[in-house]
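No value in this document is a laboratory result; all are computed from the given coordinates. The shown structure was predicted, so the numbers you read here are calculated from the model rather than taken from an experiment. Here Cβ is always computed from backbone atoms with ideal geometry, including for glycine, and neighbour counts include all displayed protein chains.
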Amino acid sequence: MNTMWQKIRSNRRSLLFFLFAIGLIVRCVFVALYPGTNYFEGSSLRYLNVAQNMIVGKGMSIYVDTARISSPVKQFVNLPFIDKPALYPWLLSVSMSIFGSSLIMIQLVHALLMALIGPLFFLTYERLTKNSAYAIICGIGGAIWLNSARFEVTILPEALVALPIAITLYLFSQKKSSSSGLWKNGIIAGVMIGIGTLLRADVAFLPIFLFVGLAFIFGRKYSFQMLFPFLVGFIIVMGVQTGYNYNASGGKFLPLGYSNGIAAFEGISQFGDTLGTVYSDNRLKILEDQADLYYPRGPERDQERTRKALEIIKERPIWFVKTVIKRIPLLIIPRGLFIVEDGTPTKKTSEDFAQKFPASLFREFRETPGIAIVKLGSSLLGLILLVFSLLGCWKWRKNYTFWMLPFSIVAYFFLSHLPVNVEPRYFYPAVPFLIPLAGTFFIKKWSVRK
């Protein structure tokens, strides 16, 4: 066995193929265990709805009920899809056109794409540290980390977000001395982050953190030099989405769609107070007397939600800060351990799902022990990774430059989501970047060169 591993490790091409292969195998195992949309049915089905319309020639549209809740008659119509970025339904339509409507084939496409994370991590951290042992730790971790691999085969755009970010990190990991090299890397990086943003809109402000990290590594001057070509690539990608939304919405400026108001309302109602429900989606529909959150009059309704949510936060700032603090474990611990799926409107503090956590988990151990063990094991894995990340960063606090880029990604996803609604899947694109942080704990201080 050692001889085989030595042969793989000694040949760069074999090592990269090995990292890709084991990453693909792990993800395919999860496809076999969790075939289909699994876990996020509502969101997944909306994207599949749009993709199916595209395939049958109805354009990028979504089939939604535009009737009022109080109306006894449903009014399903096809409307232009403008509430979320358009890239993921487009990717789904391409996959479904080639492989048919099989959900498993879509998952396998995800697995194939995300298996590139392992080789990318190896190449990136080899560049940053010149330490092959550390680079291999990062590569293997990226390939086989179960919490990431499990999520990357769900039919959701968040499952693919880590890939364009990882490509950007690879491009940022080596300082380019020539102007042509800097421009090439900058434009491609801008396009990659643009692609990430068109998968999930909250990636849009990640460049602020990335360029701060780049300044720590290669200096402020180089960071500013890279910024302009980066913006060129990023703006080109954003321009395509903005132009589509402008035409499809009848002249409204919607760069990435609209859901800020929904996220704000979900955030202030996340613990069962203020609006009287754990998650406010159903509550919002009742308040607005609309069967769908996004259609019709989505942009106008979202502006109204944003104003109302900000008024509540302004009236109760201390309460809001406490709510933000309570969200921290919900963001970093995989979904299912803390969240109890009960959307029944309530104003009782005892119905706060964080307080119902112990009893719900014990009940699940009695009724479905296998599922409970998976949830607990997944959460423990996430916590172990987080602990080693913190220990590694502290260990290398005086030599922080080589872990600053992945740290900037984790910090962004952590800080940007706490003020609004928190679900672990919003943080999952950042989980792979905890792996190189945790890996720093296992390498010796003298073994890394800048």
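Before moving on, here are some points about what is shown:
- The angle separating the long axis of helix 87-99 from the principal Cα axis of greatest extent in the chain is about 80 degrees.
- Sorted ascending by nearby beta carbons within 10 Å, beginning with the fewest, D65, D289 become D289, D65.
- The spacing between region 155-187 and region 5-64, judged by their C-alpha centroids, is 21 Å.
- Rounded to the nearest 10 degrees, the inclination of helix 206-218 to the longest alpha-carbon principal axis of the chain is 20 degrees.
- Folded to 0 to 90 degrees: helix 103-114 orientation relative to the chain principal axis, Cα: 40 degrees
- Cα centroid separation - region 66-144 against region 367-442, whole Å: 20 Å
- Expressed in Å, the radius of gyration and Dmax of the Cα atoms of region 18-160 are 18.8, 67.
- Cβ-derived FRET efficiency at R0 25 Å, V212 paired with L310, nearest 0.05: 0.35
- Paired Rg and Dmax values of the chain, which use every Cα atom, in angstrom: 22.6, 72
- Quotient of Cα Rg and 2.2 N^0.38 Å for region 177-252, N being how many residues it contains: 1.23
- 5 angstrom amide H check on T66, placed H, neighbours 5+ away: Q75, F76, V77
- Loop-located trypsin sites (Lys or Arg not before Pro) in region 42-75 whose Cβ has at most 16 other Cβ within 10 Å (DSSP): K58, R68, K74
- Using C-alpha pairs under 8 Å with a sequence gap of at least 6, the mean separation divided by the residue count of the chain gives a relative contact order of 17 percent.
- Residue pairs, from the table K74/K322; K184/K444; K322/K375; K252/K285; K252/K308; K58/K375, whose Cα atoms sit over 29 Å apart: K74/K322; K184/K444; K58/K375
- Cβ-based net charge around Y412, under 13 Å, with every Lys or Arg adding one and every Asp or Glu removing one: 0
- Of the peptides 238-247, 186-195, the ranking by mean beta-carbon count within 10 Å, highest at the top, reads 186-195, 238-247.
- Extension gain, F414 to F76: 0.36 nm times the residue separation minus the Cα-Cα distance gives 117.9 nm.
- Most fluctuating residue given options E304, E266, E423, as computed from a GNM of the chain linking Cα atoms under 10 Å: E304
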